[in-house]
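Notes to accompany the following structure.
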Amino acid sequence: MIKAVNIHKSFGDSKVLKGIDMVFEKGKTNLIIGKSGAGKTVLLKILVGLFDPTQGEVWYDDINFFKLNKIDRRALRMKMGMLFQGGALFDSMTVEENIRFPLDMFSNMTAKEKSIRVNSCLERVNLEGVNKKYPSETSGGMQKRIGIARAIVFHPKYLFCDEPNSGLDPKTSILIDELISDITQENNITTVINTHDMNSVMEIGDKIALLHQGDLAWVGNKSEVLDTENDLLFDFIFASPFLKKLRDQAIKS
Amino acid sequence: MLMVQVFSVPENRRMYWRETIRQMYDIGIGSLIIVCLIAVFIGAVTAIQFAYQLDGTLVPDYYIGYIVRDMTIIELAPMLTCLVLAGKVGSNMASEIGGMRQKEHIDAMEIMGVNTASYLIMPKIIAALFVIPILVIISAFVSILGGFVASVPTGVLSVNEYVLGLRSFYVPYNIIIMLVKAVTFAFILTSVSCYQGYYVRGGSIELGKASTQAVVYSDILILLADLILVTVMTT
């Protein structure tokens, strides 16, 4: 479980987050949604400690993250995995070297054990036989899956995904969503996803938080989305006339 | 503050060692040709220029060998080699680390728990501290050879005169000055360049600026350090 308590963040005079209180639950896919510029990425980066909040606390179970010293913070980060929007794969390393990197750095495993672990992660993301390829030789969807494989190679307790569907076609997006959701449930981990993909919201949103101009505008789950009376959520989810029409038809029928 | 993070205990010595070896190869082998090329011309120009300046004076010709040797060892080899390396190696380091910052590679490593300042910068500094003095020594040898090639076959000096010059008034302490300069300049050019790359913000224009600033600041600090060292070590 991750708990954000009264998170504020300002960049100069610009207030990006204005007091976010939120609990990200274990074994669930927790979605942060909102328009571009709503503060989603900033909140995610505060949760993982890439940004320090101007005010507020982040708790990992019973540990106050920002009270930790640098060494303890690094130790806690070894329990995190993160999928970046652009993949953030090391382009001068092969796929195998990318996934193996955390193992090389922090484990005492033998080369054979590492190889087995890497292959099992690749198998888990349905991506076998690409070990020797470079990231630039793979497609966008494959890069996302390689990113997921790297994020889970150390069996994290917390998984963070920054816009995992960006740049992907709808079908591949759904595959990536299902993969993240399955991994979350299989390993009973706390997953936080930052997205504005509606498929993700409706498919895997165990818990959804809508950010609007730095404020928490709505919290609920996917089954509550369709019946919402929250104007901000309604405008966000049914942004196009086509979707509004579909919703009206669904309610009528 | 950055240096405190850089010189903290490595998470995995083997990974750091591997990275250090890679950097040694990149800095050493990658810069050898340009360093030798510049060194040949430094020696050649120094020899010919001093032959011209001493022509018609009472100073013996063999002094040209002596002047080439000491100018190269004390000043030209360490200073010019490191200025060139600031341009080649320094800008490369700033671009490499800055590119990693922009592509979120550094963030990805941070999330894994890696001390990125240490992993990305310490191997470069250690590699430079070992390899750049070797390049400077090679540069000094090649420069003296360049002086020989420019002055002996052209008839400015005989072989015996040049060799006599090289053997005259030899002060071993000058080698110490050369090595101290080389180590100091190596530290300056790598730390300044890595700093510029590590803290780059923005896009490709900022990355280009960081790379340029790495070279400019390194050059200025090298020249300043040169003045301080030569004052402290020779007076």
**Request:** For chain A, give the percent of accessible area contributed by carbon and sulfur heavy atoms, probe 1.4 Å, rounded to a whole number.
**Result:** 50 percent
**Message:** Can you tell me which of B:Met79, B:Met178, B:Met100 moves the most in a GNM of chain B? Springs connect C-alpha atoms under 10 Å apart.
**Reply:** B:Met100
**Request:** Amide H neighbours of A:Val16 under 5 Å, at least 5 residues apart or on other chains, H built in the peptide plane: list them.
**Result:** A:Lys9, A:Ser10, A:Phe11
**Fill in**
Expressed as a percent, the portion of alpha-carbon pairs in the stretch B:24-94 spaced more than 20 Å apart is 41 percent
**Message:** Give me the Å³ per residue figure for the convex hull around the C-alpha atoms of chain A.
**Reply:** 139 Å³
**Prompt:** How big is D, in µm² s⁻¹, for the stretch B:13-234 by Stokes-Einstein at 37 °C and 0.692 mPa s if Rh is the Kirkwood radius over C-alpha pairs?
**Reply:** 176 µm²/s
**Request:** Using Cα pairs closer than 8 Å and at least 6 residues apart in sequence, work out the relative contact order for the stretch A:167-253, in percent.
**Result:** 18 percent
**Message:** With unit charges on the beta carbons (Lys and Arg positive, Asp and Glu negative) and the dipole taken about the Cα centre of the protein assembly as shown, which residue among A:Pro170, B:Ile176, A:Leu127 sits farthest to the positive side?
**Reply:** A:Leu127
**Request:** May I ask for the angle, rounded to the nearest 10°, between helix A:140-152 and the longest principal axis of chain A, with both axes built from Cα atoms and the value confined to 0 to 90°?
**Result:** 70 degrees
**Unsatisfied cross-links (Cα-Cα over 31 Å) in the set A:Lys144/A:Lys245; A:Lys15/A:Lys70; A:Lys245/B:Lys103; A:Lys15/B:Lys103; A:Lys3/B:Lys103** = A:Lys144/A:Lys245; A:Lys245/B:Lys103
**Item:** Amide H contacts under 5 Å for A:Leu83, placed H, 5+ residues apart
**Value:** A:Phe160, A:Cys161, A:Asp162
**Prompt:** Pick from B:Gln53, B:Gln196, B:Gln102: which is most flexible by mean-square fluctuation in a GNM of chain B where alpha carbon atoms under 10 Å apart are linked?
**Reply:** B:Gln53
**Message:** Taking 8 Å as the Cα distance limit and 6 or more residues as the minimum spacing, I'd like the relative contact order of chain B as a percentage.
**Reply:** 35 percent
**Fill in**
Restricting to Cα pairs under 8 Å and 6 or more apart, the percent relative contact order of the stretch B:7-136 works out to 51 percent
**Prompt:** Helix by helix, which DSSP H runs in chain B go 30 Å or more along their axis at the Cα atoms and have an average Kyte-Doolittle hydropathy of 1.0 or more?
**Reply:** B:116-151, B:173-198, B:204-234
**Request:** Return the subset of A:Lys18/A:Lys45; A:Lys35/A:Lys157; A:Lys112/A:Lys133; A:Lys112/A:Lys171 for which the Cα-Cα distance in this structure is over 25 Å, preserving the input order.
**Result:** A:Lys35/A:Lys157; A:Lys112/A:Lys171
**Request:** Enumerate by residue number the chymotrypsin sites (Phe, Trp or Tyr not before Pro) in the stretch B:160-221 meeting two conditions: DSSP loop (anything except H, G, I, E, B), and at most 14 other Cβ atoms within 10 Å of the site's Cβ.
**Result:** B:Phe169, B:Tyr170, B:Tyr199
**Request:** Grab every C-alpha pair in the stretch A:160-228, bin the distances at 10 angstrom width from 0 up to the longest one, and report whole percents.
**Result:** 19, 53, 27, 1
**Asked** In deg cm²/dmol, rounded to 500, what helix-only [θ] at 222 nm does chain A give when every DSSP H run of at least 4 residues adds -39500 (n - 2.57) and the total is split over its residues?
**Response** -12000 deg cm²/dmol
**Item:** Estimated 222 nm signal from helices in chain B, with DSSP H stretches of n ≥ 4 weighted -39500 (n - 2.57), rounded to 500
**Value:** -27000 deg cm²/dmol
**Asked** Picking from B:Lys181, B:Lys103, B:Lys209, which is most flexible by a Gaussian network model of chain B using Cα springs under 10 Å?
**Response** B:Lys103
**Fill in**
Taking every C-alpha to C-alpha distance in the protein assembly as shown and binning by 20 Å from 0, the per-bin percentages run 20, 41, 23, 12, 3, 0
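The values are calculated or read from the model by the stated rules, or taken from the named source; none is laboratory data. Keep in mind it's a predicted model, so treat the numbers as computed, not measured. In this analysis, Cβ positions are derived from the backbone assuming ideal geometry, glycine residues included, and neighbour counts consider all displayed protein chains. SASA here: full protein model, heavy atoms, side chains in, ligands and nucleic acids out. Shrake-Rupley method; radii C 1.70, N 1.55, O 1.52, S 1.80 Å.
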